[in-house]
Amino acid sequence: MAAPLLLRLSAALLILSSPVLAAEIADPNVVVDTSSLPPIAANAPEGNPYRGNAQAAEIGRAAFNQACSRCHGVDAVNKGQVGPDLLKMDRSCPRIADPAIRQMCILDQDDFFLKSVQDGKTRVGVVHMPAWKDVLPPAAIWTIRTFLESRSR
């Protein structure tokens, strides 16, 4: 008798933690217009191509508030939201004295950010952040990164 009950409870837990039922999917209605920015060339160097671009930061702010603020706070001001405070993300690289190593750190964080947004975060079968790769193209993701960098200074 205990085994069937355990099996039913396990199945219920699995169903309730399903990304679709938990509403942990990227909002397909998010639209980010990056047409006013320079296109990203196929042979572009690694890293954020819009770093320091004020227009990209403003587009990224709008994109962030559409796609990310629910979990990370409006304008990335995290006041106890469930997602981590993304303004703390870039605190370590500027402290590195060696310029070459600092640049490698920045590129590593760029890569981590892009992949995290594209692929989302799932741990032990629970979706903590939805994958945005089917909604946000890389240019839109880079504008969000640029916005966050502009806020974390």
In segment 45-61, the residues that are modelled with pLDDT of 95 or more and either in a helix (DSSP H, G or I) or of a type in the set (D, E) (or both) | A54, Q55, A56, A57, E58, I59, G60, R61
Within segment 138-153, the residues that are among the aliphatic types (A, V, I, L, M) and within 10 Å of the chain's Cα centre (by Cα) are I141, I144
Single residue of S36, S10 found to be of a type in the set (S, T, Y), at pLDDT 95 or above and either surrounded by fewer than 17 Cβ atoms within 10 Å (Cβ to Cβ) or over 17 Å from S152 (Cα atoms) (or both) = S36
Candidates Q109, Q66 - the one that is under 14 Å from the mean Cα position of the chain (by Cα), polar (S, T, N, Q) and under 19 Å from V135 (Cα atoms) | Q66
The residue that is farthest from the chain's Cα centre (by Cα), considering only those in segment 117-137 that are in a helix (DSSP H, G or I) and surrounded by 15 or more Cβ atoms within 10 Å (Cβ to Cβ), is Q118
Have a look at D90, D85, D33 and point out the one that is free of Cβ contacts under 8 Å to residues at least 60 places away in the same chain, among the acidic types (D, E), more than 22 Å from T122 (Cβ to Cβ) and in contact with a helix residue (DSSP H, G or I) (Cβ under 9 Å, 6 or more places away or on another chain).
-> D33
Quick check: is even one residue across segment 84-97 over 21 Å from the mean Cα position of the chain (by Cα), in a loop (DSSP other than H, G, I, E, B), at pLDDT 95 or above and among the hydrophobic types (A, V, I, L, M, F, W, C)?
-> yes
Filter result for the condition that a residue is closer than 17 Å to D27 by Cβ, touching a residue at least 24 places away in the same chain (Cβ under 8 Å) and assigned to a helix (DSSP H, G or I), over F64, F147 | F64
Do we have any residue at all in segment 121-131 that's modelled with pLDDT under 95, on the phi < 0 side of the Ramachandran plot and of a type in the set (S, T, Y)?
-> yes
Residue check, R95 against (1) touching a residue at least 40 places away in the same chain (Cβ under 8 Å); (2) over 22 Å from P138 (Cα atoms), all met but one. Which one?
-> (1)
Consider G80 against the criteria (1) at pLDDT below 95; (2) loosely packed, with under 14 Cβ neighbours inside 10 Å; (3) at negative phi; (4) not hydrophobic (A, V, I, L, M, F, W, C): it satisfies all of them except one. Which criterion is unmet?
-> (3)
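The values are calculated or read from the model by the stated rules, or taken from the named source; none is laboratory data. Treat the numbers as computed from the prediction; the structure is a model and nothing was measured. Positions of Cβ are generated from backbone atoms using ideal geometry, with glycine treated the same way; all protein chains shown enter the neighbour counts.
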